[in-house]
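Some notes on the structure that comes next.
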Amino acid sequence: MSADAAVPRSRVVVLLSGAGTLCAALLSAAASPGYPAEVVAVGSDRADAPGLAHARDAGVPTFVTALRDAPDRPGWDAALAAELTRHRPDWVVCAGFMRLLGAAVLDAFGGRVLNSHPALLPAFPGAHAVRDALAAGVPTTGATVHLVDAGVDTGPVLAQRPVPVLPGDDEERLHERIKTVERELLVQTLAGLVVQADGLSPTDPPTQESTR
């Protein structure tokens, strides 16, 4: 076994609610032995989330913790915390996960839960960031990776990258350009956090860019 292969990689659980393009970017990065993290499980609040099928195709275990299966919101949050704990993650990454995390998850993994958001926070938090940016007529929006707290996209910003709003942009076109940037930013930011936590020298540190 080579020296590189002997170095343990951080364990990551990804949460998603939809197509899972951000998760796919992390899975692709983790397929490289030089990437400092591995995706050990992918979870969702929706059994029909396409991203789960993609994860299974990549040989990654998946799980579903649906809100409708819990007695109430705190019960769902406790069930999700228990499922996450079962996979022993060093980091939890919300990659298009459309549920707010509650006290059970945040208490168990405080400071180790990341979220990727398609805007330059604190501008345009919430589920309709791209639509809101277009409605506001801003010349530039972008992508943010931040730590998750109890608020709606209010946690500490780790990295941002701008994306210009072009003439004729609609929500779908702008969102696709943001997602291209978002995928790269999430992969880089997670790698930077892992190597920083492990005391290693990052080869591709997080990007701290913002036009604000």
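So the values come out like this:
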item: Residue match in segment 74-83 (condition: modelled with pLDDT of 95 or more and part of a loop (DSSP other than H, G, I, E, B)); result: no
item: Residue count for segment 100-111, restricted to those that are at pLDDT 95 or above and in contact with a Leu (Cβ under 8 Å, 6 or more places away or on another chain); result: 5
item: Any hit, segment 183-195, residues being in a loop (DSSP other than H, G, I, E, B) and either among the β-branched types (V, I, T) or under 22 Å from P89 (Cβ atoms) (or both); result: no
item: Residue within segment 86-94 that is surrounded by 14 or more Cβ atoms within 10 Å (Cβ to Cβ), in contact (Cβ under 8 Å) with a residue 12 or more places away in the chain and farther than 21 Å from R9 by Cα present; result: no
item: Residue, nearest to H128 (Cα to Cα), within segment 156-177, restricted to residues that are part of a loop (DSSP other than H, G, I, E, B) and acidic (D, E); result: D170
item: Hey, A81 aliphatic (A, V, I, L, M), surrounded by 14 or more Cβ atoms within 10 Å (Cβ to Cβ) and out of contact with any Ser or Thr (no Cβ under 6 Å at 6 or more places or on another chain) or not; result: yes
item: Residue in segment 132-155 that is open to solvent by 30 Å² or more (accessible area, probe 1.4 Å), within 12 Å of L114 (Cβ to Cβ), assigned to a loop (DSSP other than H, G, I, E, B) and free of Cβ contacts under 8 Å to residues at least 12 places away in the same chain present; result: no
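The values are calculated or read from the model by the stated rules, or taken from the named source; none is laboratory data. Keep in mind that what you see is a predicted model, and the values were worked out from it rather than measured. Methodologically, a virtual Cβ is constructed for each residue, glycine included, from the backbone with ideal geometry; neighbour enumeration extends over all protein chains shown. Just the protein is used for accessible areas: all its heavy atoms, side chains included, with ligands, DNA and RNA removed. Shrake-Rupley method; radii C 1.70, N 1.55, O 1.52, S 1.80 Å.
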